[in-house]
1. Tell me whether region 16-29 contains one or more residues that are exposed (fewer than 15 other Cβ atoms within 10 Å of the Cβ) and touching a helix residue (DSSP H, G or I) at 6+ places or on another chain (Cβ under 7 Å).
2. Scan region 37-58 and tell me whether some residue there is assigned to a loop (DSSP other than H, G, I, E, B) and surrounded by 15 or more Cβ atoms within 10 Å (Cβ to Cβ).
3. Answer yes if at least one residue in region 63-70 is aliphatic (A, V, I, L, M) and loosely packed, with under 15 Cβ neighbours inside 10 Å, and no otherwise.
4. In this structure, does residue 10 turn out to be within 14 Å of residue 57 (Cα to Cα) and either β-branched (Val, Ile, Thr) or free of Cβ contacts under 8 Å to residues at least 12 places away in the same chain (or both)?
5. Give region 22-36 a look and list any residue that's part of a loop (DSSP other than H, G, I, E, B), within 10 Å of the chain's Cα centre (by Cα) and within 11 Å of the ligand (Cβ to nearest atom), or say none.
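No lab work stands behind these numbers, since they all come straight from the coordinates. Just so we're clear, the structure is a prediction, and the values are computed from it rather than from any experiment. When we count neighbours, we look across all protein chains shown, and the Cβ atoms used for this are built from the backbone with ideal geometry, even at glycine.
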Amino acid sequence: MQQLNDWYDVDDVLYDGTKEEIENIVCPDCGKKISYRYSDGSNSFEVSCKLCGHISRATGSPKPNCVIYFGNEYDFRK
Ligand SMILES: [Zn+2]
């Protein structure tokens, strides 16, 4: 799989990646699985690594591919 160098790459994959790419996504800092949450009402999208404590938020964005494949909330560690 492609190497993810930073959280911008993670966002790219979550928004535009294939189902398999999204499933295999890991935190660029610690290599562990990440989580996300998307809200339909506010179009807000939050991506986090609970291990590192990193959280990135975006609002007003179109629905990311990961939401289409895995639903509005997902913890990739499960
Ligand atoms: Zn991490």
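1. Yes, that holds for at least one residue.
2. Within region 37-58, none of the residues are assigned to a loop (DSSP other than H, G, I, E, B) and surrounded by 15 or more Cβ atoms within 10 Å (Cβ to Cβ).
3. yes
4. So residue 10 passes the test.
5. 27, 34, listed by residue number.
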